[in-house]
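Chemist: Here it is: the structure, laid out below.
The values are calculated or read from the model by the stated rules, or taken from the named source; none is laboratory data. Remember, predicted model here, so these are calculated numbers, not experimental data. All Cβ positions, glycine included, derive from the backbone under ideal geometry; neighbour counts span all protein chains shown. Surface accessibility is based on the protein's heavy atoms, side chains included, excluding ligands, DNA and RNA. Shrake-Rupley method; radii C 1.70, N 1.55, O 1.52, S 1.80 Å.
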Amino acid sequence: MALTDSLAETTANATWSRMLQGNSRFAEGKAEHPWQDKETRHMLVDGQKPDAAVLSCSDSRVPPEIIFDQGLGDLFTVRTAGQTIDDAVIASLEYAITKLHVSLLCVLGHARCGALETADRQLDEMMRAITNDADDSLTAADAIEDLDEQIAASDSIVMRQAGMSVWQAREAELECAEDFERVHVARTIETLVERSEVIQQALADERLMMVGARYELESGRVEVLSF
């Protein structure tokens, strides 16, 4: 491993450790709110050099800077409903990697995600419609086997992404919302890697570390996910 690669890995691990320490402070009600003073604000006028990029949900209860107890200039955040990915999301994250040189990219899901709850309900409705329209049980079974194609063809980007996560979780015989949330984080990471050559190359060059996490609303704790 080249020296620069080793330094990038060390920086990414140190950044992630600092973020998790900040989350522990936040969950315990001991947040320090670092780097939010007038001096820091002035120091950042001419540029930014965040240590990490975070893709998270737009949910107002899940602001990354607050739950990780970070300050101005620490995190480059991109937020969409259910962490859905489009060209703007990818371009923003690629900017963070190529121009701002972040060494860590965190995909952060959370408990009671409205996008996943909606996708779960819509998936049930889709399955009921298939069953009702089928002439017999065999036809219904065949149609449900092709459900992933119907999800992929949905007009809703939330259904195409969050709905597919719920369906794949169910296919793996996972039924609880917590597992849907974990699967969705894993699929989001996979999708980012598949769709972005910049992310692929940064990972291959060991200039970037990707992590998945899930935020629990009640406890305020971030669960680190391993895939």
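Chemist: Return the residue satisfying two criteria in turn: it lies in region 152-183 and is outside any helix (DSSP H, G or I) and among the polar types (S, T, N, Q), and of such residues it is nearest to Leu116 (Cα to Cα).
Modeler: As a first pass, look at region 152-183 and keep what is outside any helix (DSSP H, G or I): 153-156, 172-176.
Narrowing the set further to residues that are among the polar types (S, T, N, Q) leaves 154, 156.
Values: Ser154: 15, Ser156: 13 Å.
Among residues in region 152-183 that are outside any helix (DSSP H, G or I) and among the polar types (S, T, N, Q), the one nearest to Leu116 (Cα to Cα) is Ser156.
Chemist: If Gly22 satisfies all but one of (1) of a type outside the set (D, E, K, R); (2) more than 28 Å from Asp86 (Cβ to Cβ); (3) crowded, with 21+ Cβ neighbours inside 10 Å; (4) touching a Lys or Arg at 6+ places or on another chain (Cβ under 6 Å), what's the number of the condition it fails?
Modeler: (4) is the only condition that Gly22 fails.
Chemist: State which residue pairs qualify: first residue not assigned by the TED database to the domain that holds Ser165 and open to solvent by 50 Å² or more (accessible area, probe 1.4 Å) and inside region 115-139, second residue at pLDDT 85 or above and not in a helix (DSSP H, G or I) in any location, beta carbons under 9 Å apart, and separation of 6 or more residues or different chains.
Modeler: none
Chemist: Then there's this: Return yes or no: is Thr15 assigned to a helix (DSSP H, G or I), over 29 Å from Glu206 (Cβ atoms) and among the hydroxyl-bearing types (Ser, Thr, Tyr)?
Modeler: Details: assigned to a helix (DSSP H, G or I): yes; over 29 Å from Glu206 (Cβ atoms): no; among the hydroxyl-bearing types (Ser, Thr, Tyr): yes.
For Thr15, the condition - assigned to a helix (DSSP H, G or I), over 29 Å from Glu206 (Cβ atoms) and among the hydroxyl-bearing types (Ser, Thr, Tyr) - is not met.
Chemist: Residues to consider are Glu149, Glu171, Glu175, Glu197; find the one that is of a type in the set (Asp, Glu), under 30 Å from Ala27 (Cα atoms) and surrounded by fewer than 17 Cβ atoms within 10 Å (Cβ to Cβ). Walk me through how you get there before you give the answer.
Modeler: Values: Glu149 fails: under 30 Å from Ala27 (Cα atoms); Glu171 fails: under 30 Å from Ala27 (Cα atoms); Glu197 fails: under 30 Å from Ala27 (Cα atoms).
Matching residue, one of Glu149, Glu171, Glu175, Glu197: Glu175.
Chemist: Going by the conditions given, is Ala91 more than 21 Å from Gly22 (Cβ to Cβ), open to solvent by 10 Å² or more (accessible area, probe 1.4 Å) and out of contact with any helix residue (DSSP H, G or I) (no Cβ under 7 Å at 6 or more places or on another chain)? Write out each step before concluding.
Modeler: On the way: more than 21 Å from Gly22 (Cβ to Cβ): yes; open to solvent by 10 Å² or more (accessible area, probe 1.4 Å): yes; out of contact with any helix residue (DSSP H, G or I) (no Cβ under 7 Å at 6 or more places or on another chain): yes.
Taking the combined requirement at face value, the residue satisfies it.
Chemist: Next question, about the same structure. Quick test for you: out of Leu55, Leu72, Leu100, pick the one residue that is surrounded by fewer than 19 Cβ atoms within 10 Å (Cβ to Cβ) and either in contact with a strand residue (DSSP E or B) (Cβ under 8 Å, 6 or more places away or on another chain) or outside any loop (DSSP other than H, G, I, E, B) (or both).
Modeler: Numbers: Leu55 fails: surrounded by fewer than 19 Cβ atoms within 10 Å (Cβ to Cβ); Leu72 fails: either in contact with a strand residue (DSSP E or B) (Cβ under 8 Å, 6 or more places away or on another chain) or outside any loop (DSSP other than H, G, I, E, B) (or both).
One residue alone meets the criteria, Leu100.
Chemist: Contact list please: Cβ distance under 6 Å, first residue in region 23-50 and in a loop (DSSP other than H, G, I, E, B), second residue of a type in the set (Phe, Trp, Tyr), pairs at least six apart or on different chains.
Modeler: Pairs that qualify, where the first residue is in a loop (DSSP other than H, G, I, E, B) and the partner is of a type in the set (Phe, Trp, Tyr), are Pro50/Phe76.
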